[in-house]
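Only one structure is covered here, and it is reproduced in the block below.
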Amino acid sequence: MADQASYVPPKVWTPPASSGGAFASINRPVAGPTHDKELPVGKHPLQLYSLATPNGVKVTILLEELLAAGHSGAEYDAWLIRINEGMQFSSGFVEANPNSKIPALVDRSGAEPVRVFESGSILVYLAEKFGAFLPKDGVARAETMNWLFWQMGSAPFVGGGFGHFYAYAPEKLQYPIDRYAMEAKRQLDVLDRHLADKRFVAGEEYTIADMAIWPWYGDLVLGQLYDAAEFLSVHEYKHVKRWADEIAARPAVIRGRKVNRSFGPEQDQVHERHAAADLD
């Protein structure tokens, strides 16, 4: 790799032979499928294709919360997409999500299948479909949407920014680690100040905003993301920690975070989910 201190960008960028890092084998500058393979389809109307990254966990938490709340129509099949193996570049997955990112949902409950991609879009779609975890109107709905989209806009700085350079990059570089650690801590401070007088991020009601934010910032303060709790001094964010602990203890959250998990303790891994008993 070139000396970063002396790197001068060329007039026209061309991709390197290898970019290094944890995801070098799947990084590429073009879209579209790399191979033909249809997605599997199970018996339930809702078909989820995902991996238990923070973005994937958002959706499985919501689905398990919907089932726990009595919405039997939220039964789903969850299929594991191993992104390190390039499964997200199959023709079937690209048809479900042309951006080749997990999670992707296909709703087959109607006359025509409905594809839904981007985790925030999936959360809103399901919350509206079942009339749960998203206030219908007024201040509460606006506040829920504010924080949902705060997460969508902010978390890439935590994941693709801090997480990449701190945990996954082929070498440790001070400038990007400092830059994104500063932003990650600023975001934690935003959330901590906000939660100082609120039970949940949109107020007293548990919503899809909490489900979106928790897998990123909750796991970060609980020491379960990038092994960075000490480095970021997450103990400073006591209101975020209180909120994160409460959500982590919810039975549906415990169940949802296991779905499509292919790493960590074996007892927490449920590669595919086709029935509630798969999580028991």
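The values are calculated or read from the model by the stated rules, or taken from the named source; none is laboratory data. Fair warning: this is a prediction, and the values are worked out from it, not measured in the lab. All Cβ positions, even for glycine, are placed from backbone atoms using ideal geometry, and neighbour counts span all protein chains on display. With ligands, DNA and RNA removed, areas are computed over all heavy atoms of the protein, side chains included. Shrake-Rupley method; radii C 1.70, N 1.55, O 1.52, S 1.80 Å.
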Consider only pairs whose beta carbons are under 8 Å apart and that are at least six residues apart or on different chains; among these, list those whose first residue lies in region 248-269 and is open to solvent by 70 Å² or more (accessible area, probe 1.4 Å) and whose second residue is of a type in the set (A, V, I, L, M).
251/68; 254/248; 263/52
Restricting attention to region 80-91, and to residues there that are within 12 Å of residue 39 (Cβ to Cβ) and either assigned to a helix (DSSP H, G or I) or outside the structural domain of residue 115 (by the TED database) (or both), which single residue is least open to solvent (accessible area, probe 1.4 Å)?
88
Which members of region 199-229 meet the condition of being among the charged types (D, E, K, R), assigned to a loop (DSSP other than H, G, I, E, B) and touching a residue at least 60 places away in the same chain (Cβ under 8 Å)?
205, 227
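Out of all the residues in region 199-222, is one or more over 24 Å from residue 145 (Cβ atoms) and either over 16 Å from the mean Cα position of the chain (by Cα) or open to solvent by 10 Å² or more (accessible area, probe 1.4 Å) (or both)?
So in region 199-222, the residues over 24 Å from residue 145 (Cβ atoms) come out as 222.
In the following step, the residues that additionally are either over 16 Å from the mean Cα position of the chain (by Cα) or open to solvent by 10 Å² or more (accessible area, probe 1.4 Å) (or both) were identified as 222.
Yes, because at least one residue in region 199-222 is over 24 Å from residue 145 (Cβ atoms) and either over 16 Å from the mean Cα position of the chain (by Cα) or open to solvent by 10 Å² or more (accessible area, probe 1.4 Å) (or both).
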If residue 273 satisfies every condition in (1) in the same structural domain as residue 164 (by the TED database); (2) open to solvent by less than 30 Å² (accessible area, probe 1.4 Å); (3) under 20 Å from the mean Cα position of the chain (by Cα) but one, which is the exception?
(1)
